[in-house]
Structure formats: C-alpha cells, structure tokens
Amino acid sequence: MDKRFLLLFHLKEKDSKTQQVFIEAMKQNLHYHDKHCLEYHKILKESGCCIDEIHSISDLEKIPPIPTLLFKKHTLFSMPEKKKTIQVTSSGTSGNASQIRFEWSGLSIAFFSIFYQVMKRKLISIIPCHYIMLGYKPHKSNHAVISKTAYATSFMAPSLKKTYALTIKNGKYEVELDEIIKALSRAGKSHFPTRIIGFPSYAFFMMKKMEESGMKIKLPHGSKLLLGGGWKQFYTEKVEKEVLYEMAERLLGIKEDQIVEFFGAVEHPVIYCDCSHHHFHVPNSSHVIIRDPQTLKPLSYGQVGLVNLLSPIIKGTPLSSVMSDDLGILHDGGKCGCGNPNPYLEILGRVGVSDIKTCSTAAKEKLEEKI
C-alpha cells in the first residue's frame, strides 16, 4: 500500500497517530529512492543511515539532508521521464537551476495538502475577479515552478482577465510595472474584486512607484494580495511585512486580513500557506528541522539555523530530506494564537555560499565526490 495517501486523512493538526503515519510514509519513500536512484543509495550508505531504524520523529534527523546546491549541479532522478513525469526547474537566480522531476501521484497529494490550507484561509471563491500577476507570463520556454504555481493560484476564483508583470519581448522576459499599474487603475473602477499574485519584491516596487507619483487606488471589497516566491535577488531591498501591509492598505485599500503569503521551494514538494497571524505552520505532509550551520546538529525552538525540509510525497526525485540555503527559526505553534498547534517556521533570509562556508556546503562538495 502506498502510505503517502494515508497522509490525506491526517491533514488536520498533528497527533501521535499522524506522526506515525508520516514516519511510515517517510520510510517507504526512502526505500523507494534507495532502490531506484543509485546516487541516493550511495548517499544513504555513506551517511550510515539505516532506514529501518527510523521509529520516531526524532529519528528523522538521521536522514542525510541533501543540500539544494547539489540539485543545481547534478540531476538526481528516481523515476524515468517516460513514466509520465513532469520536470520543472527552480528560478535559477543564482545562475544555476535545480532540475526536479515530479510524478502525478505525488503531485495529487501535494495538491490536496495546499487545497486544505487555502480552504482554511478562505481563498476559494465563485466570485469572478481580475488578476494582476506579479510574475512570469506562461511561456513554452519557461519551466520554472514559481510560474506554474502562480498560474495555478489564479484558478482559486474565476478569472475575468489576467495581466502579467513579466512578459516575453524579443525572446526574453521584461518587467512592465507601468502596464500593471494601469491595469490596477482599471480594476479599481470594476464591481468585481482584484487578486494580486506574485513576488513580494514586485508588489513593493509597484506600490513604491504608485507612492512616488501620489497615486492611490481603492480596489473593490474582497480584493486580495497573495504573495510568494521570496525576494530572491532583491533581498537587499527587502522591507518588513508590516511595511508592505501598511502600503497595501494605504495605496490599494487591501487590509492585512486580506493578505496571504506562501512559502515553498522547488526542491520541497509542499507549499506552506500562512495562518491568520501570518505564520507558516508546518503542514502534516512535511516536517522541518533547524540545523546548526557548522555542525548540522538539530536545534531547539527559537534558535537560528539552516532550514532542513522533509517530506515523503515525491518519488520522481529524492526530495525526502533537503537542506535549503535559508536561515530560519522554528517556533512552538501553541504560541501563535491562531489555534493551529503545529510548529511554525520563520524564514530570516537566504545564505549565499560566498557569505558563509557552512557544513551544508561542505557536505554538498563531499556528495559530489561520491556521485
């Protein structure tokens, strides 16, 4: 029996039974990758990880986390392309892009996981709306997962019209903020709500441009700002959430309770949707370990470290345990106040290889030698 599908019956808050289902699904997933991916078999063998000795949540730390940096330089597949898989890439802002292969069964589980989260945030609606897409317009040459997830988000309510910030011109993407602002102005005169979807950096640049020109738009009731994808190459210009929220209400008429944020990575098949207090609670289809940057030892709640993301959902690529280059903190979910007791993840920012020589980077180099 494919134990991944049992997770669909445990999408609510964690309990001991849910944890055991997750552990069993992880073990089954690890055995699959161990058998079908020679490179991953070598990684498990070199790390000394014995899959059958994983019995508890704390034992998950024994699974060797594969740095996302490795996926950017090597292809690791556990399923051939001919088995109806989908291959996507990361945004590749650092110059390299991860090549990740998903299969339909895993994607269906991932879909139900995010569907449960967006239902809780009341994002599914039958009311048509205008979409302002602060990201890439779909194109046959664009395989980046962020463009696909943003496009999928635009189906949570019927679309009247989609306007994109990044469109193909002369064979490459160009930013058109002026056109976006014009589309927003038109949407402000409509009786139907507007949903703005995309990168927080572009949302900030757009609103900053409006602010500088003295422009304000009162979008119709029910309009929303849906943010995801992080600040990436614009990290040095990043502003606090409170600043972004204040600008959205002042310049667009969108209040904080109508702003929803998402967190995800192409190397991790689970998307995190924030709660009403704007915290990323860990869904039951995933697990998070915060590790010391130098020793990779797990850290406790409230301590800053590298974000290790775990999930048993995907078979196409060994993504059971990946080490991101994000710094983060894991908090006790009970302290949030939204009612979800699951721990929540706070992302502090991205650590570049040139910024810090982490144990994760060293592990990546050693793994390259093995494969």
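The values are calculated or read from the model by the stated rules, or taken from the named source; none is laboratory data. Not measured: the values here are computed from a predicted model. No Cβ is skipped: glycine too gets one built from the backbone with ideal geometry, and neighbour counts run over all protein chains shown. Remember, those area values only see protein heavy atoms, side chains included, never the ligands or the DNA or RNA. Shrake-Rupley method; radii C 1.70, N 1.55, O 1.52, S 1.80 Å.
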- prompt: List the aspartates and glutamates whose alpha-carbon lies under 16 Å from that of LYS35, not counting same-chain residues fewer than 8 positions away?
  reply: ASP2, GLU46, ASP52
Sites matching GluC sites (Glu not before Pro) across the range 188-293 that sit in DSSP coil, with at most 12 neighbouring C-beta atoms within 10 Å: GLU240
message: Compute a Gaussian network model of the chain, connecting alpha carbons closer than 10 Å, and tell me which residue from PHE155, PHE263, PHE204 fluctuates the most.
response: PHE155
query: Based on the Kirkwood radius over alpha-carbon pairs, what is the Stokes-Einstein translational diffusion coefficient of the chain at 25 °C with 0.890 mPa s viscosity, in µm²/s?
result: 114
- prompt: Counting only heavy atoms of protein chains, what accessible area per residue, in Å², does the chain have with a probe of 1.4 Å?
  reply: 47
- request: With everything on Cα atoms, drop me the angle between helix 38-47 and the longest principal axis of the chain, reported from 0 to 90° to the nearest 10.
  value: 70
query: Which angle between 0 and 90 degrees, to the nearest 10, do you get for helix 104-120 versus the longest principal axis of the chain when only C-alpha atoms count?
result: 50
field: Where only alpha carbons of the range 286-349 are counted, the Rg and the Dmax (Å)
entry: 12.5, 37
- request: State the extension gain, in nm to one decimal, for the chain segment bounded by VAL175 and ASN96, taking 0.36 nm per residue of separation less the distance between their alpha-carbons.
  value: 26.3 nm
message: I'd like the carbon and sulfur percentage of the solvent accessible area for the range 1-67, probe radius 1.4 Å, heavy atoms only, ligands and nucleic acids excluded.
response: 53
statement: With all protein chains present, the range 114-270 has a carbon and sulfur share of its accessible area (1.4 Å probe) in percent of 56
query: With the chain treated as a Gaussian network of Cα nodes joined by springs under 10 Å, which of GLY337, GLY349, GLY188 yields the largest mean-square fluctuation?
result: GLY337
field: At R0 = 22 Å, FRET efficiency that the Cβ-Cβ distance of LYS35 and ASP15 yields, to 0.05
entry: 0.10
statement: Where a ≥ b ≥ c are root eigenvalues of the Cα gyration tensor, a/c under 1.5 meaning rounded, otherwise prolate if a/b exceeds b/c and oblate otherwise, the range 229-278 counts as oblate
query: When the chain is modelled as a GNM with alpha-carbon springs shorter than 10 Å, which of PRO65, PRO200, PRO220 fluctuates the most?
result: PRO220
